[in-house]
Amino acid sequence: MKIAAAQLEAAATLKDRTEEMLQKGVFAPARVYNPLTYAWKAFEEYVKRYGSEKKRVLFLGMNPGPWGMAQIGVPFGEVAAVREWLGISAPVERPRNEHPKYPVDGWLCKRSEVSGRRLWGLFRERFVKPEAFFTEHFVVNYCPLLFIETTLLANGKEGARNLTPDKLPPESRAALFDACDVHLRALAALLEPRFLIGVGSFAAARAETALAGMNLSIGKILHPSPASPQSNADWPGEATRQLKELGVW
């Protein structure tokens, strides 16, 4: 459990650094959810249950999805997959400054995070039991924050949309990426993976920067987002093919 405790300590440091940024208004006017604050208990259960040993493969996502990790604190945390396959059900609170278009209902959330459903579905299909998957693999996110960009609609009401970290203003990105790079280096030093696999191009690129000089192989797989026509065609098949080509599977 020493590795899990050290992981949680690194995550707590990242939580504190990002909370300080929020208090300083670094990301204003965007609304920001930090699941490491209101969903810490579920995240903690995930790390303690599945992150207590070194791993051969570390999968790296971008940041929380509004209907996934933002709801329950687990990376790519599609509610049904996390509850039914991972067996996690720790209580979740609500974020500050919650936007009505992106409510956090925790385990009661009726929306499905497609990316998480596809990712965990692939692992469940291949490994059957979560313990078999987590023997050599672990899943983390580069950034812990969900950003919501607000807009003024023609009818005068406030609209909102998910804003990914790569779309933040340069000055906001610099501070955030520095904190996330430090956290990712800490995880890589603790888990000592042979492979780091970016789930999508952004995550792989950030890993290349943050982990330069470390003894591991960095690759990427197609992101399972429904926004990608290729992902909608046969994401499990394409991801499996890419992982085999990389020598991961």
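All of the numbers you see were taken from the coordinates with simple rules; none came from a lab. Just so it is clear, the model here is predicted, and its values are computed rather than measured. Neighbour counts are summed over all protein chains in view; Cβ atoms, including those assigned to glycine, are modelled from backbone coordinates with ideal geometry.
How much length would be gained if the chain were fully extended between residue 214 and residue 135, taking 0.36 nm per residue of separation minus their Cα-Cα distance, in nm to one decimal? If you can, show how the numbers build up before the last one.
Values: separation 79, 0.36 × 79 = 28.44 nm, distance 2.22 nm.
Here the segment from residue 214 to residue 135 would lengthen by 26.2 nm.
Here the ratio of the Cα radius of gyration of the stretch 167-248 to 2.2 N^0.38 Å is 1.22.
May I ask for the percentage of alpha-carbon pairs in the stretch 2-244 that lie more than 31 Å from each other?
Details: 5005 of 29403 pairs.
Cα-Cα pairs of the stretch 2-244 separated by over 31 Å account for 17 percent.
Quick one: order 43, 127, 27 by neighbouring beta-carbon count within 10 Å, fewest to most.
Values: 43 26, 127 16, 27 22.
Listed from fewest to most nearby Cβ atoms, that is 127, 27, 43.
With the cut-off at under 12 Å, measuring from each backbone N in the stretch 188-227 to a point 7 Å along the Cα-to-Cβ line of residue 238 picks out 200-201, 221-227. Put in order of Cβ neighbour count within 10 Å, fewest first, the listed residues 191, 216 become 216, 191. Check each of the trypsin sites (Lys or Arg not before Pro) in the stretch 144-249 and keep only those in coil by DSSP with at most 16 other C-beta atoms within 10 angstrom; list them in order. Sparse-neighbourhood loop trypsin sites (Lys or Arg not before Pro): 157, 194.
Scanning residues 5 or more positions from residue 141 or on other chains, those with amide H under 5 Å from its amide H are 61, with H placed 1.01 Å from N in the peptide plane.
May I ask what percent, to the nearest 5, of DSSP beta bridges between residues of the chain are antiparallel?
On the way: 9 of 23 bridges.
That works out to approximately 40 percent antiparallel.
Its alpha carbons give the stretch 1-77 an Rg and a Dmax of 13.3, 40 Å.
Under the classification rounded if a/c is under 1.5, otherwise prolate if a/b is larger than b/c and oblate if not, where does the stretch 1-135 fall, given a ≥ b ≥ c as square roots of the Cα gyration tensor eigenvalues? Numbers along the way, then the final one.
On the way: a/c = 2.02, a/b = 1.32, b/c = 1.53.
It is oblate, given that a/c is not under 1.5 and a/b is not larger than b/c.
Mean residue ellipticity at 222 nm from the helices of the chain, using -39,500 (n - 2.57) per DSSP H segment of n ≥ 4 over the full residue count, to the nearest 500 deg cm²/dmol? Before the final figure, lay out each step's value.
Values: 9 runs with 109 residues, N = 249.
After summing the helix terms and dividing by residue count, I get -13500 deg cm²/dmol.
Close lysine pairs were tallied over the chain: pairs 8 or more places apart or on different chains with Cα atoms under 15 Å apart number 8. Label-to-label distance, residue 155 versus residue 41, with points set 7 angstrom from Cα along the beta-carbon direction: 3.8 nm.
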